[in-house]
1. When the residues of segment B:69-117 are narrowed to those that are more than 7 Å from chain A (Cβ to nearest Cβ), under 15 Å from A:LEU100 (Cα atoms) and under 19 Å from the mean Cα position of the chain (by Cα), which ends up modelled with the lowest pLDDT?
2. Given the options B:LEU90, B:LEU108, B:LEU71, B:LEU100, name the one that is in a helix (DSSP H, G or I) and assigned by TED's automatic domain parsing to the domain that holds B:HIS54.
3. Return only the number of the condition from (1) part of a helix (DSSP H, G or I); (2) near DNA strand D (Cβ under 10 Å from one of its atoms) that A:ARG40 does not satisfy.
4. Here is a list of conditions, (1) more than 11 Å from DNA strand D (Cβ to nearest atom); (2) touching a residue at least 40 places away in the same chain (Cβ under 8 Å); (3) crowded, with 17+ Cβ neighbours inside 10 Å, and A:ASP83 meets all of them except one; can you say which number that is?
5. Could you run through segment B:27-61 and say how many residues are open to solvent by less than 50 Å² (accessible area, probe 1.4 Å) and either of a type outside the set (Ser, Thr, Tyr) or within 16 Å of DNA strand C (Cβ to nearest atom) (or both)?
6. Under 7 Å by Cβ, and 6 or more places apart or on different chains, what pairs join a residue from segment B:4-24 that is open to solvent by 90 Å² or more (accessible area, probe 1.4 Å) with one that is near DNA strand C (Cβ under 8 Å from one of its atoms) and in a helix (DSSP H, G or I)?
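The values are calculated or read from the model by the stated rules, or taken from the named source; none is laboratory data. Since we're looking at a predicted model, the values are computed, not measured. Virtual Cβ from ideal backbone geometry, glycine too; neighbours counted across all protein chains shown. Accessible surface is based on the protein model in full, side chains and every heavy atom, while ligands, DNA and RNA are left aside. Shrake-Rupley method; radii C 1.70, N 1.55, O 1.52, S 1.80 Å.
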There are 2 protein chains.
Amino acid sequence: MDFSIGDLSRRTGVKVPTIRYYEKEGLIEEPIRTEGNQRRYTERDLERLTFIRHGRDLGLPMMAIRELLDLSSHPDAPCADADRIASEQLQNIRTRIAQLQRLEAELLRITQSCTGTHAIADCNVLKAFGDHRLCKGEH
Amino acid sequence: MDFSIGDLSRRTGVKVPTIRYYEKEGLIEEPIRTEGNQRRYTERDLERLTFIRHGRDLGLPMMAIRELLDLSSHPDAPCADADRIASEQLQNIRTRIAQLQRLEAELLRITQSCTGTHAIADCNVLKAFGDHRLCKGEH
DNA sequence: TCTTGAACCTATAGTCGCTATAGCAACTAC
DNA sequence: GTAGTTGCTATAGCGACTATAGGTTCAAGA
C-alpha cells in the first residue's frame, strides 16, 4: 500500500537525499511515519514527485514547478497560466540552443585550426581563447 | 600604465567581485597594490583575464581553463593537449544541444495540446508533466 | 587645499539544487 | 538472534559566483 523513501526513489528516479530536500523546501508534503520514525509514502506522493521530476528533466526552474503545482491544486482555474509557463520555458530553451550553437561553431573553428603537431607557443587554440578579435561572431 | 580593478572589469566584462574571487582561487596572480592597498593591474593581467573570460563564454568548465592556462605557461610543449581540451568541450556542447532539442520537441508538443480556454482539471500541460507515459521520446 | 562622492577594501553569508558525510536507529531476511 | 541494508537527523560542501556590511582610499571639481 504505502512504501519507503527508497522505494519512492527507485520508482521516480529521484535520489533519497533529494526527496528529503524537497520535503524540507515544501515541494512535497511531509508523509506519515512508521512507529520507528521512517517515512511512508502513498500513490499521491508518487504522482507529485513524478510531476516534479518530469519538470526538472525538462529543465524547468524550481520556481516554475512550484507555480504549476500551485495551479494544479486549483482545478477550476483556467489553464492559460499553465500554458504560459510551458511557453516561457520553450522560449528559454530555444534561446539556450541558439547560444550553444554559436559556441559550437566557434569551438569547431578553433579545433580545426590546430593540427596538434606544433608547439604551444604557436597554438591557435590558445591564441583563439586569448583574443576575442579572432572570433567570427560576437558572443 | 596600470589600472584599477574597476577598469579591468570594464575592459574584460568580468565583474569586480568575480575578479577578486578568481584571485582567491589562484586563477590570476595577486597584483601589486597602491600605498592605500588597492589593486593595480597590467596588460598581462588583462590578457590572462580575457583568456579566462573567453573560455567561460565558450562554456568551458573552470578546470579546463586551468589546464589551458597551465599549458600556455609551457610554450615548448606540443599543442595536442590544447586541441584535445577544445575537442572535448566541442563534444560536450554537441551533447547538450541534442539534449535541449529533445526537450524543445516535447515542450512544443505540450504547449500545442493546450488551447488555454479550458479548466486546469483538464489541462494537458499539467497532465503531460505528471505522466511520463505521454512522452513521445525518452529523456 | 579641501571636500565630496565614487570606487575600493576585507570578510562573511547567500544563491541554486542538490550531494556527501557522520553517527546513529530501525527494519528485513535468514 | 543477528547481520546487513536501509533509514534517520544534522551539518557541511559543491561550483561559480553574487550580495551585503562596514569601513578606507582615490580623483575631480570648487
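1. Checked segment B:69-117; the qualifying residue modelled with the lowest pLDDT is B:GLN99.
2. Result: B:LEU71 is the single residue among B:LEU90, B:LEU108, B:LEU71, B:LEU100 that is in a helix (DSSP H, G or I) and assigned by TED's automatic domain parsing to the domain that holds B:HIS54.
3. Here A:ARG40 clears every test but (1).
4. All conditions pass for A:ASP83, except number (2).
5. 17
6. B:LYS15/B:SER9
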